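Nothing in this text is a laboratory measurement; each read-out follows from the coordinates by a stated rule. Remember, it's a predicted structure, so these values are computed and weren't measured experimentally. Using ideal geometry, Cβ is built from the backbone for each residue, glycine included, and neighbour counts are taken over all protein chains shown.
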Amino acid sequence: MWGTLPENVGTFQDLDGLMEFITVVVGLWFLAAMAMIIGFSLMFKAKPGVKAQYIAGNTGKQVGVLLGIVAAITMFDFMIDIRNVPLWNTIKMQIPAEGDQVGVLAKQWTWVFTHKTKAGNVTTEMFNDAGEYSDSANGAPKLHVRTGTKTIYSLNSEDVLHSFKINALRVTMDIIPGRTYKGWFEAVKPGTYDLACAEICGRGHGDMAGRLVVHTPDDYDKWVKAKGVTKADSAPKGVVVAHNAAH
Amino acid sequence: MGSSHHEPTFTEKYIFPLDHKNIGLQYLLTAMFMACVGGFLAYVFRMKLAWADAPVPLVGDVDGGLYNSMVTMHGTVMIFWVAMPTLIAAFGNFLIPLMIGADDMAFPRLNRLSYQIFLLSAIILIASFFVPGGSASGAWTFYPPLNSSKIVDGVVEMHNGGVYWGGNLWILAVALEFASFLLGGINFMTTTLNLRTKGMGLFQMPMSLWMINIASLVFALSVGPLVAGAIMMLSDRMVGTGFFNPELGGDPVLFQHLFWFFGHPEVYVVLLPALGFFADIIPVFARKPFFGYRIVVYFTLFLGALSFIVWAHHQFQAGIDPRMANYFTITTIIISIPFGVMLFALILSLYGGSIRFTVPMLWAISGVAEFLVGGITGIHLGTSASDIYFHDNYFVVAHFHYTLFPATFFGAFAAITFWFPKWFGRHLNEGLGKLHWMLTVVFFNGIFIPLFITGLNGQHRRIYDYKAWDEMNTPAQHNLNVIATICLLGLLATQLVFLLNFFRSWASGPKATANPYNATTLEWAAASPPPHGNFDKVLTVYRGPHEYSVPGAKEDFSPQWIQ
């Protein structure tokens, strides 16, 4: 079952470890319970002349069995909690001070990414001002980052709830209109990965695709130079985009 | 007690009944109809997921808007118009007076009114499919701002395109449904507390009654905030207020809190009655007492209290203060304790038994096993860091279907097949019952095991077509979706076996005696079917509900009502 998680190309590797730990713990409970269900069903199938035993679970020993189960579950809960809290705090609360800044603007039903580079702000979106595809794959705008440097993103929504989700990095954060949220990640393996909206946002929710492009530092510099366009520092107004007719 | 009642006319019995059993029957039949509606909606979106480019037979092309509408209404219908009316309203109505030895509910007219309001809510919900713009389509959680308004040039418009009346009717229908269940719940609790026959203390009650009453109490205490939220939402939509509109200083996250403060307890409102049915059915066919009755009651009360302090685990990634997530993770994971106690108590009730694998017993045992899968996968989601990956993923869909499907359908089928002889005075066909059980188990797992895998793979829910992505659109994932859809078609077809068995046996099944299973609780003291007024004399209760194979007793069952 574990082989089915997609490759983790970021630094939040411990998260996979936590998921695996939980799977092992609950898997053992599952196997134990199923063994009891199947075992008891086979062992205690009605036989002629054999009466059931009167076991009401009310003697000290029998209540002790249930309380023992309570103690064991509590212990496993605690083991999960103590692994979870530091990891959660690292991912969600300890946002680094240094890193590449990107702005993510979500709107029905596309993304506008603004990269703060040494050549100025570089914006990528589904269409450019002339209405042509601009730095997009299959109509999906690309977010460009590099390995070796942390990326600090800030999220804004123009209309309804959206969610910024990159499976390959184990990143999810909802985007709330009227608020700005910050988060971070660090990609370690160059490549192109899915980026998606993960909060239902209207009829085009299933078209709201993006791509994460992870460059090596050299490639990233080349991309910046090639883009080279400096836009105004303020967040892009965003072109009014017709519903993506790719389908 | 009711001996002087005349035989009711058709209208008195089926259209405007006061008898609790006939009101329960109205709920049951309405819920069965709504289950067909909910199943049809699942058919539409599952067909789209398996064969995105082909029109869906009977429906035609399914675009993003229609897909969202089908998903939204499927969730709404199944939770509010199938699970609740079947588990709580139908069986609560049928069982409570019979199990406590009463001739009817405390408030029969209130009972009739609660069904009529429920029926009205169902009609309004169905009507919402046919209004301009279509039915609600912003998910059953109805989050703003998608489902609320924006102000454009001074005019109130919907973020969700043309869905205006569909959404308003959705709110109205849900609000009426809540009013109905609030009335019903008050009636249930009043009846249980005041009309128990001589000798029946609270700890002599069958587990079903504990569970239905705790569920009614939890529902009554949690529903207020959501009704407030619904009124605010309606006002945002129709008048242009800005409770949830950031442009006017409102806050969309507020609605999420109001929704889930109700929404999480609501899950237990559905689960508890089903676990109660299992706990009353397993002793009958294992011929031994339910294991740890009192401990389970105490832990269920603990669970009811706990359900009010875990809600924000639905919002870990939704912009709540990340420090809050640590608190909510810890409370959420603690839920495993009371559920662990309940499940192991059910399993241990088999130990040392003399087990008869009748149809209701098969539903109960397999229901426990399936629910176990839903329970353990909840840990992945209740752990805040692990939820980062699973948020809005198919793993979530598979998880909650493994909790709600066993509760709603395994619970309902266990209850229907178990109490059918009492309710209708006739037996169901055992062979058809076993066939229905086996196929349902196979197809249910055939739908949702693949969805666990696509979830681990990374597929997001509520997406009508994965073509816009690469990693979420692999042939392997597509094949899993095809398998799930084929199993859904199988599951839907299988239910025809049940409907055939149900209606044919109702009309012409073999007649049942008063106590065909040699069971111990009070409903079996009444005739099958019980007449208006239920019992021919006032019963006295001498012992607990599950006294089977008592050492020294002549028979292997010691009924509550026989000294």
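In straight-distance terms, cross-link reach from B:Lys554 covers every one of the lysines whose alpha-carbon lies under 19 Å from its own, apart from those fewer than eight places away in the same chain; here that gives A:Lys47, A:Lys51, B:Lys288.
When both the range A:91-116 and the range B:297-346 are represented by their alpha-carbon centers, they are found 32 Å apart.
In what order do B:Tyr14, B:Tyr464, A:Tyr54 fall by count of nearby beta-carbon atoms within 10 Å, going from fewest to most? Walk me through the numbers before you get to the answer.
On the way: B:Tyr14 13, B:Tyr464 24, A:Tyr54 17.
The order, fewest Cβ neighbours first, is B:Tyr14, A:Tyr54, B:Tyr464.
Ordering B:Val270, A:Val26 by the number of other Cβ atoms within 10 Å of each residue's own Cβ, fewest first, gives A:Val26, B:Val270. Helix hunt in chain A: which complete DSSP H runs extend at least 30 Å axially by C-alpha with mean Kyte-Doolittle at least -1.0? For chain A, where a helix must reach 30 Å along its axis and average at least -1.0, the hits are A:13-43, A:60-88. Across peptide A:56-69, the mean count of Cβ atoms from other chains lying within 10 Å of each residue's own Cβ comes to 5. For the range B:469-507 versus the range B:100-175, the inter-centroid distance based on Cα atoms is 28 Å. Cross-link reach is defined here as a Cα-Cα straight distance under 21 Å, omitting same-chain residues fewer than 8 places apart; for A:Lys92 the lysines meeting it are A:Lys150, A:Lys165, A:Lys182.
For chain B, which longest stretch is free of loop sites, where a loop site is one of the trypsin sites (Lys or Arg not before Pro) that DSSP puts outside H, G, I, E and B and that has at most 10 other Cβ atoms within 10 Å? Working shown, then result.
Numbers: sites that count: B:Lys537, B:Lys554.
Free of exposed loop sites, the longest segment is B:1-536.
For each of A:Glu98, B:Glu523, A:Glu20, count neighbouring Cβ atoms within 10 Å of the residue's Cβ, then give the residues from fewest to most. Don't skip to the end; give the middle numbers.
Values: A:Glu98 7, B:Glu523 26, A:Glu20 13.
Ranking A:Glu98, B:Glu523, A:Glu20 by Cβ neighbours within 10 Å, fewest first, gives A:Glu98, A:Glu20, B:Glu523.
Here chain A is treated with +1 on each Lys and Arg Cβ and -1 on each Asp and Glu Cβ, and its dipole about the Cα centre works out to around 680 debye. Projecting the Cα positions of B:Ala54, B:Leu343, B:Ala476 onto the charge dipole of the range B:19-525 (unit charges on Cβ atoms of Lys, Arg, Asp and Glu, taken about the Cα centre) puts B:Leu343 furthest along the positive direction.
Considering only A:Ala56, A:Thr23, A:Leu67, the residue lying farthest towards the positive end of the dipole of the range A:14-93 is A:Ala56, judged by Cα position with unit charges set on Cβ. Rounded to the nearest 20, the Cβ-based charge dipole of the protein assembly as shown about its Cα centre (Lys and Arg +1, Asp and Glu -1) stands at 2020 debye. Taking a ≥ b ≥ c as the square roots of the eigenvalues of the Cα gyration tensor, the range A:14-93 is oblate, since a/c reaches 1.5 or more and a/b is not larger than b/c.
Between the C-alpha center of the range B:390-458 and that of the range A:15-67 there is a gap of 21 Å. For the range B:372-444, the set of chymotrypsin sites (Phe, Trp or Tyr not before Pro) satisfying both a DSSP loop assignment and a count of at most 12 other C-beta atoms within 10 Å is empty. Straight-line cross-link reach from B:Lys13 at under 24 Å between alpha-carbon atoms covers these lysines, not counting any fewer than eight positions away in the same chain: B:Lys21, B:Lys422, B:Lys511, B:Lys537.
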